[in-house]
Amino acid sequence: MRLRSVVIGIAFIMSSACFAQAAPPAGAGTVPTPREPTMPMPMHDPKNPSRVIPSPSAGDQQLAANVQQTLQRDNSLSPAGRQVKVIASDGAVVLRGPVANDAEKAKIDSVVRGLPGVKEVTNELDVKR
C-alpha cells in the first residue's frame, strides 16, 4: 500500500513538471502589442443602411432633450404623443413613434419647428389606426 502511494506521488510530480511552463524573463525579446483604441460603433440609418448617422454632440443631445421636454409638458397630446422619439443632429430633428391621429402628428411637427435651434424637421411619426 505504501509503495502504491509513493508511485502515485512520483507520477503526479512528473506529470506536473511536464505541463508546467516557465514564464520568459521580462524584456527577453518580446515586444508588447499595443491595444487598439476603442472606437464607438457607427450607427446606421434603418431606412438607408448605407448612411452612417453621426454620434450626437452635446448640442445635439441638449436640443433633443429640449424637444422631448416640450412635448412631455404638452397636456393636449396623447400619452404616445408625449413619448415621441427625438433624434437631433446639427439642428435637424427626426421625430419617430406612434401618435393618436393626423392632427396630433401635425401639431407635434408645428411645435417642434417653432423651437429655438431647430432648423429642419423630418416627421416620421406613425398614426395609430
Just add up the charged neighbours of Leu71: K/R +1, D/E -1, any other residue whose Cβ is under 13 Å from the Cβ of Leu71. +4
Expressed in nm to one decimal, what extension gain is obtained for the pair Ala100 and Lys119 from 0.36 nm per residue of sequence separation less their Cα-Cα distance? 4.3 nm
Length added when fully stretched, Lys128-Ile10, from 0.36 nm per residue minus Cα-Cα: 34.7 nm
Listed with the fewest Cβ neighbours within 10 Å leading, Ile108, Ile10 appear as Ile10, Ile108
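Taken together, the values in this text are just the output of simple stated rules run on the coordinates, not laboratory data. Note that the structure is predicted; figures quoted are calculated from it, not measured. Reconstructed Cβ throughout: ideal geometry from the backbone, glycine too, with neighbour counts over all protein chains shown.
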